[in-house]
Amino acid sequence: MSKVGIDYVTERVRAVINEITRYFVGDEEVLMKILASIIVGGHVLIEDVPGTGKTILSKMLAKVLGLRFSRIQFTPDLLPSDIIGTKVWRPDKDSFELVLGPIFANFVLADEVNRAPPKVQSALLEAMQEGQVTIEGETIKLPQPFIVIATQNPIELEGTYPLPEAQLDRFMIRIRLGYPKDEVELLRRRISWRSNDPTPRVRTVLNGDELLMIRDFVESNVKISDDVMKYIVSFNVIRKDLEYSLGQVPGD
């Protein structure tokens, strides 16, 4: 822990960005916002059309950060137990065995999250909020660090279950990647990779313990002035005024 300082944090974060930008042909500012959210323990919702690199970027981030990756493809027939796990009866042992679901990873990609019904979305969002799941009455903590990057297509809405505003609040940022500015360069890199997925080439820069140390440093050393806190609170005042103007009760 003693080695963690502002120079160390800056150097490690820059190393992560440099490694990803070797393969990701996109807006570096967007990448920095996603990484900032991860560092402070937030989750990310990426809203964009297919073909912008959402899945590839998520896989590369997990690899560079040295985190165990899990991808969940959300579909209308998905059940909460498909995500969090369940208890399975083992006749040979004459007992139930706990089988953990794919949510038990450090870095979870919830692909097309709005295609699953609300009950499944709630299972994921509860895990994001509480850092734990409950299976057959047994509460189990999720591994730390725990990061969720969810994706959804903002154009194709047929057969989807849009996330309510209260559930969107579980995400720290809601962002779009956009198409690469230099698609010719992307094609050049694709030819050099000889693969659609460059993730195996990506070098691991951090690990879970280092990420937690960086988080602890940020939590302990970043100072916020009263003016900034008042500015943050002002957004809540604006929201309440809007609710009153619409005839809603704040907090509903």
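The values are calculated or read from the model by the stated rules, or taken from the named source; none is laboratory data. The model shown is predicted, which means the values in this text are computed figures rather than measured ones. Neighbour counts run over all protein chains shown; Cβ positions are idealised from the backbone, glycine included. These accessible areas exclude ligands, DNA and RNA; they are computed on the full protein's heavy atoms, side chains included. Shrake-Rupley method; radii C 1.70, N 1.55, O 1.52, S 1.80 Å.
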Legend entry - Nearest-20 debye value, the chain charge dipole, Cβ charges on Lys, Arg, Asp, Glu: 920 debye
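Determine the sum of side-chain charges near Q132: Lys and Arg each +1, Asp and Glu each -1, restricted to other residues whose C-beta is under 9 angstrom from that of Q132. Don't skip to the end; give the middle numbers.
Values: positive: K141; negative: E126, E130.
Overall, the nearby charge balance is -1.
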Inset, instruction - Could you pull out which residues in the range 21-44 have an amide N less than 19 Å from a spot 7 Å beyond the Cα of Y179, following the Cα-Cβ vector? - result: 24-28, 30
Legend entry - Per residue Cα convex hull volume in Å³ - calculated over the range 77-129: 94 Å³
Legend entry - Viscosity 1.306 mPa s, 10 °C: Kirkwood-radius Stokes-Einstein D of the range 16-69 over Cα pairs, µm²/s: 137 µm²/s
Legend entry - For the range 219-233, Karplus couplings with θ = phi - 60° (6.51, -1.76, 1.60), whole Hz, Gly/Pro x: 5, 8, 10, 7, 9, 10, 6, 4, 5, 5, 5, 5, 5, 5, 5
Legend entry - For peptides 220-232, 124-136, sequence by mean Cβ density within 10 Å, most packed first: 124-136, 220-232
Legend entry - Largest to smallest principal axis extent of the C-alpha atoms in the range 1-142, angstrom: 55, 43, 26
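Averaged over all directions, how much area does the convex hull of the C-alpha atoms of the range 90-164 cover when projected, in nm²?
Spelled out: convex hull of the Cα atoms, projected over all directions, averaged, 6.5 nm².
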Legend entry - Which label in (i) 24; (ii) 28; (iii) 40 gives the computed percent of Cα pairs over 29 Å apart: (iii)
Legend entry - Segment E165-L100, length gained on full extension (0.36 nm per residue, minus Cα span): 20.5 nm
Inset, instruction - Please give the per residue accessible area of the range 57-205, computed with a probe of 1.4 Å over protein heavy atoms only, in Å². - result: 55 Å²
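What number does the range 54-204 give for Rg over Rh if you use C-alpha atoms and the Kirkwood radius?
1.03
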Legend entry - the range 1-72-the range 212-233 distance, computed between alpha-carbon centres (Å): 20 Å
Inset, instruction - Roll a 1.4 angstrom probe over the protein heavy atoms and tell me the percent of accessible area of the chain that is carbon or sulfur. - result: 54 percent
Inset, instruction - Extending each Cα 7 Å along its Cβ direction at V49 and R71, get the distance between those two points in nm, one decimal. - result: 2.2 nm
Legend entry - Computed [θ] at 222 nm, helices only, for the chain once each DSSP H run of length n ≥ 4 contributes -39500 (n - 2.57): -13000 deg cm²/dmol
Inset, instruction - Please give the length that would be gained between D27 and K223 if that part of the chain were fully extended, namely 0.36 nm times their separation in residues minus their C-alpha to C-alpha distance (nm, one decimal). - result: 67.7 nm
Legend entry - In sequence order, calculated HN-Hα J values of the range 195-211 (Karplus, 6.51, -1.76, 1.60; Hz; x Gly/Pro): 6, 7, 10, x, 3, x, 7, 5, 8, 6, 9, 10, 9, x, 5, 5, 4
Inset, instruction - Determine the sum of side-chain charges near R170: Lys and Arg each +1, Asp and Glu each -1, restricted to other residues whose C-beta is under 15 angstrom from that of R170. - result: -4
Legend entry - Too-long pairs where the Cα-Cα distance tops 24 Å, listed order kept, from K93/K119; K33/K181; K119/K141; K141/K223: K93/K119; K141/K223
